[in-house]
Amino acid sequence: KDLAANLTELNLGGTTITDASLVHLKPLKNLTRLQLHNTKITDAGLGNLKDMAKLTSLNVYGCAGITDAGLENLKGSKALKKLYVWQTKVTEAGAKKLTAAIPGLAIDRGIDATAEKPKDPTKKEKDKK
């Protein structure tokens, strides 16, 4: 059987993969999960992923070369449900723009914007009476 036709998950995290190398992933039409965390992948590399119609999870955390511009390459990835972008240059505005383009997409920026801010330990709490 053809390996490329059957491969659904690929972990290239922490490897020396480059933007140019990602072109070799194009034949992996059934890929659903791709991990590229802690690599040198940039916005340009994400352009090689835009035709992966079945990709549901993409992890690019720790890829400092990923910005809001790179997310534009993922707008056609309508199956995408999870995108991990912490320790990248993706902004909240960029993340919101992509979630508007892909209904049901959850983007993890490593920051819980809805979480309560931690209390300042240097300030004393007032009595609630």
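The values are calculated or read from the model by the stated rules, or taken from the named source; none is laboratory data. Just so it is clear, the model here is predicted, and its values are computed rather than measured. Only protein heavy atoms, including side chains, enter the accessible area calculation; ligands, DNA and RNA are left aside. Shrake-Rupley method; radii C 1.70, N 1.55, O 1.52, S 1.80 Å.
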With every protein chain kept in place and a 1.4 Å probe, the residues ARG109, ARG33 fall, from largest accessible area down, as ARG33, ARG109
Kindly identify region 39-118 as rounded, prolate or oblate by the Cα gyration tensor criterion: order the square roots of the eigenvalues as a ≥ b ≥ c, call it rounded if a/c is under 1.5, otherwise compare a/b with b/c, prolate if a/b is larger, else oblate.
oblate
Report, by chain and number, residues whose modeled amide H sits under 5 Å from the one on TYR84, excluding near sequence neighbours (fewer than 5 apart, same chain).
LEU58, ASN59, VAL60, ASP108
Sequence-separation-based contact order of region 34-103, relative, with Cα cut under 8 Å and 6+ spacing, percent
35
Quick check: residue separation of ALA53 and LYS75 times 0.36 nm, minus the Cα distance between them. What number comes out in nm?
6.8 nm
